[in-house]
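Take a look at the structure below.
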Amino acid sequence: MPVRTNWFLAAILPLVSIGANAQSLPPAPGARIVTVTPEGRTGSEPSIAVNHYNPNQVAVTAGGGLVAYSTDSARTFTTVNPAGEGGTTGGDPSMTFDDKGNLYFSYLAIQKNGSPSYWGHGTGGNGIWVVRSPDGGKTWNKPVGVKVWTGQETGIKLEDMPRIWADANEKSPHRGNLYYAWIEWGLENSIVLYSRSTDQGATWSRPVRISTIVGYPRDDNGSVVGIIGTVAPDGTVYVVWNQGLNITLAVSKDGGATFAPSKPIIDVGPPYFGGTGGVPGVARTMGFPQIGLDRKSGELYVTWSDFRNGDVDVFISRSSDHGKTWTPAMRVNNDPIHDGNDQFFQWMAVDPVNGDVYVQFYDRRDDPANRNTRLTLARSTNGGRTFRNYDWSDRSFAGENASLGDYMWMVVHDGRVYGVWAEAAPEGYQVTPNPNQPAPTVRRTPTIFRVGTADFHGVK
């Protein structure tokens, strides 16, 4: 059993009430922030999950196998290793709770990657796994491999960016199903693969391809990237991803047994904001999409970010006909257009109780130099037609070549919002060297991950 120890920042740092340092935006109501990264460690690419049947249970994770659970609605966290004492997990983690309160943690592991610019040169064993916790993250079963390469096969491929989600809808005919989708890199293309489990993650179906058009064979603009899904109350599964200069949608109406051909739905800018200029101070930045839905009206939403306006902005589009047609892109951030300040790395969640739409993102509107970064939480109470922006930070941060990862995460339940993100660590933060990882070759500001909560319950 995990033991709560006093050297975790989550246990010793007091919760910080937000508002005293708020800038041009009103503070998010009831906002609090806690740092979850253990002292001396770094973290990015975090995920968060809340048990909708017991909202006191919250779990978070970040790349490198960092996992923590809370039994007090994200006020404090206890860190645990799902792989057991001395065991290791991996990167690109995601989490979900099912309809029975089981918690699932998915991740990838790579024995040996290729060259820095091309994974296919000398790659080794790799794969994706899922592990289940029956008690909200305290204890864990053995990992189950969904697709695994040992490194001895001919034609070995690379499984990447896996995302897991569950059908926890009370009236769904497929209630309890788990869904899993990811990228498979090959030497000639990239495709989206998908699997499902109907027995609480004990076994998984043979992976099948759901991307009709292939992407390019490297992790860059033109590949298939940023896969994520959601489930409607009737069990319909919606999956989106970036493919070239569009967002693509795949739909299953039989509980994930089969999918209709995927199709592009929204034209967007490139999902990578790198190259000349990029986003200053950040190693790389992504605009990958998220999809969500109003469980009462059936309205679908997709968010993403791109630089069609010169600087980077966050956008949303809506569909009232189950994904057949979509509204023109609308900005979520409400700073002046073309002001030269970036808003990026968005994540969206739709409240399953009342249908309110929330979007969190990094925000630099208060710094003319476009470096100091805060977290903004945007909320819509009218079906995504307008948004009010709130400050969700206790401090600004700026880094040098900081690796914020590829994504952050957010969930919401009955007006209570739970977000997790990476930040540049405070100046002077000392990182404990990891003997299993090579020393960085470039100067990089270390990052920590933090959980923010806000309470809009009863707020109009």
Quiz item: Any idea which residue in the stretch 65-84 is nearest to the chain's Cα centre (by Cα), counting only those that are among the small types (Gly, Ala, Ser) and farther than 22 Å from His52 by Cα?
Solution: Gly65
Self-check item: The one condition in (1) surrounded by fewer than 22 Cβ atoms within 10 Å (Cβ to Cβ); (2) over 14 Å from Leu108 (Cβ atoms); (3) out of contact with any Asp or Glu (no Cβ under 9 Å at 6 or more places or on another chain) that Gly137 fails to fulfil
Solution: (1)
Self-check item: Number of the condition not met by Ile110 [criteria: (1) buried (at least 17 other Cβ atoms within 10 Å of the Cβ); (2) more than 18 Å from Ser195 (Cβ to Cβ); (3) in contact (Cβ under 8 Å) with a residue 60 or more places away in the chain; (4) not small (Gly, Ala, Ser)]
Solution: (3)
Self-check item: Members of the stretch 332-362 that are within 19 Å of Ala422 (Cβ to Cβ) and either surrounded by fewer than 16 Cβ atoms within 10 Å (Cβ to Cβ) or in contact (Cβ under 8 Å) with a residue 60 or more places away in the chain (or both)
Solution: Asp342, Phe344, Phe345, Trp347, Met348, Ala349, Gln360
Quiz item: Which residue, of Ala168, Ala109, is among the small types (Gly, Ala, Ser), on the phi < 0 side of the Ramachandran plot and assigned to a strand (DSSP E or B)?
Solution: Ala109
Quiz prompt | Residue list for the stretch 90-101, restricted to those being free of Cβ contacts under 8 Å to residues at least 60 places away in the same chain and either farther than 15 Å from Gly201 by Cβ or assigned to a strand (DSSP E or B) (or both) | solution = Gly90, Gly91, Pro93
Quiz prompt | So Gln243, is it buried (at least 16 other Cβ atoms within 10 Å of the Cβ), touching a strand residue (DSSP E or B) at 6+ places or on another chain (Cβ under 9 Å) and under 30 Å from Asp99 (Cβ atoms) | solution = no
Exercise. Report, by residue number, each residue of the stretch 169-220 that is closer than 15 Å to Asp254 by Cβ and more than 22 Å from the chain's Cα centre (by Cα).
Key: Ser172, Pro173, His174, Arg175, Thr198, Ser205, Val208
Quiz prompt | Subset of the stretch 312-336 [under 15 Å from Phe387 (Cβ atoms), part of a strand (DSSP E or B) and among the polar types (S, T, N, Q)] | solution = Ser317
Quiz item: In the stretch 171-192, how many residues are in a strand (DSSP E or B) and surrounded by fewer than 23 Cβ atoms within 10 Å (Cβ to Cβ)?
Solution: 2
Quiz item: Is it fair to say Val131 is buried (at least 20 other Cβ atoms within 10 Å of the Cβ) and in contact (Cβ under 8 Å) with a residue 12 or more places away in the chain?
Solution: no
Quiz item: Are any residues in the stretch 258-277 modelled with pLDDT under 95 and over 21 Å from the mean Cα position of the chain (by Cα), and if so, which ones?
Solution: Gly275, Thr276, Gly277
Quiz item: Has the stretch 355-375 got any residue that is out of contact with any Leu (no Cβ under 9 Å at 6 or more places or on another chain), farther than 25 Å from Gly452 by Cβ and aliphatic (A, V, I, L, M)?
Solution: no
Practice problem: Select from the stretch 337-360 the residues that are part of a loop (DSSP other than H, G, I, E, B), closer than 22 Å to His457 by Cα and not polar (S, T, N, Q) and list them in ascending order. | Solution: Asp351, Pro352, Val353, Gly355, Asp356
Quiz prompt | Residue identified as touching a residue at least 40 places away in the same chain (Cβ under 8 Å) and farther than 24 Å from Tyr107 by Cα among Thr230, Thr212 | solution = Thr212
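The values are calculated or read from the model by the stated rules, or taken from the named source; none is laboratory data. Note that the coordinates shown come from a computational prediction; the quantities given were computed from them, not determined experimentally. Counting neighbours? That spans all protein chains shown, and the Cβs are built from the backbone with ideal geometry, glycine included.
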